[in-house]
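Novice: Here it is: the structure, laid out below.
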């Protein structure tokens, strides 16, 4: 439904100005704001101009469409020959030397609806603009008043209209300029934000790199610490076993009870150490999956024999459901067994009465095996069911004081499950019990990974030692033993890597383990000793196999039990290679505490330390048996460090050894000038093993370079 507002004939150029005036008046009267009024006025004036220039005039009608939403409908009808290829004009593809079509496409963008009807008899263009939602509703009475106002209102002066049009153009230009400035500001803000994001990404990458290195250091620390703990723990267990066997005499009942406590504590600590070592190996990617064929029946039989002795009394029954028609599993039996042992031992700890049932099933669609350990224990609260898989996590419960755990068993079980290509699950209700599940593929499929061969670089001035060791902690211990010596440890994790290393460099000796990632290195030892090229290279076996006689019979030059003492290992290599890596150090310091500290900081085996309390005694040592390096204090009685250094460089017929001043004094320029002959100055406040060893190596290197 439409209500007529006004109709204007288009016969002369001045009618274009009139149409523009009336359009603005109608738009403002209907509630359009200044911007929408300008848009409507501009669109109508363009269409009316086209009707006048190309359509031989016509008329323009203004109507109000009452259907929702209300719209101002403007229809321009001309008497021209029509528009050829109207689709190209509407799409903006029409090219015209006179500019015909540009006004149509521009007007179309300014209006909500735009319809063109054209023929050889003329063209009809309908333009519509929806009334603003905030504008008051327009009814017939309102339209009648608007029509009367337009009829009696005088026409505006054309010059005034042009002036007004210019003002509107300036306002639009100012608005565009303001928006351009806003856009420029937004672009600048986006650039600043982008730079901030780039900086943030760089910082995040740096933090991620720090975390990766921290994780590597943590794994190395855990591995090293675990191995360092194993030796004393094994000694405690062995000694306690001897005491309990009462081979050297009977123990009283109280003494036997005390030894049992000691042994139980050592066993618990050994379990913690083993779990830490397993976690470190997994994180370092050094855990090897040994695939074997085994049956679930055999696995359950072994678990039954191991775990039933843990039950106390008859309050809890341990039941294994015999598997039915399950094929052989092809995965790591030891790791599956360790996960299930952990599940079952936890169930025994937290089940006071009832049953612990171990069962197995097969998901044939995915060829997966599902092991379940269900108990009737105290259960786990929902908020704690995710915490139990975290390292060292302890879930508070009423049995916590009666049973002890490391908090590593379940995290280790989860890691093993992922390593085997599976996962773990838990379902639990407080007071009713828990069910732990291990889901693993029946056939282990190793993840495909590119094997990147290691690269070895022998440092200048160092003598290479080939270390054949796959355990990262043991390899680290051996590398650390050679760090403060003239030797450089070059590590190979397999016999194939060792053979490739022999092709790249000739080591002075080989330090090797026997058990390597599921293989034994006996054959490699025999090949080395039968080879014309390598038979003269000394081989030291460092292992836990306790087969020294076999190693020597196969050609090993020495055998050392793990963990190898660093000084002993370096001494053996020195003996077999005919070299000496011991640096002779003279320490001149009157303070006994300082001498004790340096004595503890210098690695044994790599350094031989001789001590004197006075400068006079130090000069006598240098005169009679010159050391490689001299360490001296400054504040000493009888002869201070400045005098000692001056006389050190005036000993007749002797080339003075490099001297390092070790002092707690804050030295100014004058004091440093008096120490100009000192090769290096080290503060006692910064003294560590690394600082001390680095200082000695620096002065030794300088002396060798000067001699060359």
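The values are calculated or read from the model by the stated rules, or taken from the named source; none is laboratory data. Keep in mind that this is a model prediction, so the values were computed, not measured. A quick note on method: Cβ atoms are made from the backbone with ideal geometry, for glycine too, and the neighbour counts reach across all protein chains shown.
Novice: Scan segment 652-677 for residues that are closer than 21 Å to residue 585 by Cβ, touching a helix residue (DSSP H, G or I) at 6+ places or on another chain (Cβ under 6 Å) and not in a strand (DSSP E or B) and report the count.
Specialist: So the answer is 4.
Novice: Could you please give the count of residues in segment 675-708 that are touching a strand residue (DSSP E or B) at 6+ places or on another chain (Cβ under 9 Å) and closer than 12 Å to residue 598 by Cα?
Specialist: 5
Novice: Within segment 339-393, track down each residue that is over 35 Å from the mean Cα position of the chain (by Cα) and within 11 Å of residue 435 (Cα to Cα).
Specialist: 356, 357, 358, 359, 374, 375, 376, 377
Novice: Further, regarding this structure: Having 1 or more residues that are within 15 Å of residue 465 (Cα to Cα), free of Cβ contacts under 8 Å to residues at least 60 places away in the same chain and not assigned by TED's automatic domain parsing to the domain that holds residue 700 is the bar; report the helices (runs of 4 or more DSSP H) wholly within segment 484-579 that clear it.
Specialist: Details: elements: 495-504, 522-530, 548-553, 566-577.
Once the helices (runs of 4 or more DSSP H) in segment 484-579 are filtered for at least 1 residues that are within 15 Å of residue 465 (Cα to Cα), free of Cβ contacts under 8 Å to residues at least 60 places away in the same chain and not assigned by TED's automatic domain parsing to the domain that holds residue 700, what remains is 495-504, 522-530, 566-577.
Novice: Follow-up question, since we're still on this one. Please find, within segment 604-625, the residue that is nearest to residue 675 (Cα to Cα) out of those that are at pLDDT below 90 and in a loop (DSSP other than H, G, I, E, B).
Specialist: Restricting to residues being at pLDDT below 90 and in a loop (DSSP other than H, G, I, E, B), the top hit is 625.
Novice: Has segment 627-649 got at least one residue that is free of Cβ contacts under 8 Å to residues at least 24 places away in the same chain and on the phi < 0 side of the Ramachandran plot? Full working, then the answer.
Specialist: Filtering segment 627-649 down to residues free of Cβ contacts under 8 Å to residues at least 24 places away in the same chain leaves none.
For segment 627-649, residues free of Cβ contacts under 8 Å to residues at least 24 places away in the same chain and on the phi < 0 side of the Ramachandran plot: absent.
Novice: I'm told residue 34 meets every condition in (1) crowded, with 18+ Cβ neighbours inside 10 Å; (2) within 28 Å of residue 137 (Cβ to Cβ) except one. Can you identify the failing condition by its number?
Specialist: (1)
Novice: Within segment 303-327, track down each residue that is in a loop (DSSP other than H, G, I, E, B), at pLDDT below 90 and out of contact with any helix residue (DSSP H, G or I) (no Cβ under 6 Å at 6 or more places or on another chain). Reasoning before the result, please.
Specialist: Going through segment 303-327, the residues in a loop (DSSP other than H, G, I, E, B) turn out to be 311-315, 321-327.
Adding the requirement that they be at pLDDT below 90 leaves 311-315, 322-327.
Listed by number, the residues that qualify are 311, 312, 313, 314, 315, 322, 324, 325, 327.
Novice: Within segment 221-263, how many residues are more than 21 Å from residue 409 (Cβ to Cβ), at pLDDT 70 or above and part of a helix (DSSP H, G or I)?
Specialist: Going through segment 221-263 one residue at a time, the tally reaches 19.
Novice: Shifting gears a bit: Say whether the condition of being modelled with pLDDT of 90 or more, surrounded by 14 or more Cβ atoms within 10 Å (Cβ to Cβ) and not in a loop (DSSP other than H, G, I, E, B) is met by at least one residue in segment 400-410. Let's see the steps before the verdict.
Specialist: First pass over segment 400-410, keeping only residues modelled with pLDDT of 90 or more: none.
No.
Novice: Turning to a different aspect of this structure: Quick check on segment 665-690: of everything there that is under 42 Å from the mean Cα position of the chain (by Cα) and loosely packed, with under 14 Cβ neighbours inside 10 Å, which residue is farthest from residue 628 (Cα to Cα)?
Specialist: Our first condition is that a residue be under 42 Å from the mean Cα position of the chain (by Cα); within segment 665-690, this holds for 680-690.
From what's left, loosely packed, with under 14 Cβ neighbours inside 10 Å: 685-686, 688-690.
Details: 685: 24, 686: 23, 688: 20, 689: 18, 690: 18 Å.
In this case the residue turns out to be 685.
Novice: In segment 1-27, how many residues are part of a strand (DSSP E or B) and either closer than 20 Å to residue 65 by Cβ or not assigned by TED's automatic domain parsing to the domain that holds residue 75 (or both)?
Specialist: Residues of segment 1-27 that are part of a strand (DSSP E or B), as a first pass: 2-10.
With either closer than 20 Å to residue 65 by Cβ or not assigned by TED's automatic domain parsing to the domain that holds residue 75 (or both) added as a condition, the list becomes 2-8.
Matching residues across segment 1-27 total 7.
For every residue, the table says whether it meets (1) under 24 Å from residue 442 (Cα atoms); (2) touching a strand residue (DSSP E or B) at 6+ places or on another chain (Cβ under 7 Å); (3) modelled with pLDDT under 70.
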residue: 265; (1), (2), (3): no, no, no
residue: 271; (1), (2), (3): no, no, yes
residue: 289; (1), (2), (3): yes, no, no
residue: 293; (1), (2), (3): yes, yes, no
residue: 298; (1), (2), (3): yes, no, no
residue: 301; (1), (2), (3): yes, no, no
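Novice: State the number of residues belonging to segment 348-358 that are part of a strand (DSSP E or B) and surrounded by fewer than 17 Cβ atoms within 10 Å (Cβ to Cβ).
Specialist: Residues of segment 348-358 part of a strand (DSSP E or B): 354-358.
Within this subset, residues satisfying the condition of being surrounded by fewer than 17 Cβ atoms within 10 Å (Cβ to Cβ) are 354-355.
Looking only at that region, the number is 2.
Novice: Could we say that residue 552 is under 30 Å from residue 462 (Cβ atoms) and crowded, with 19+ Cβ neighbours inside 10 Å here?
Specialist: No; evaluated as a whole, the condition is false for this residue.
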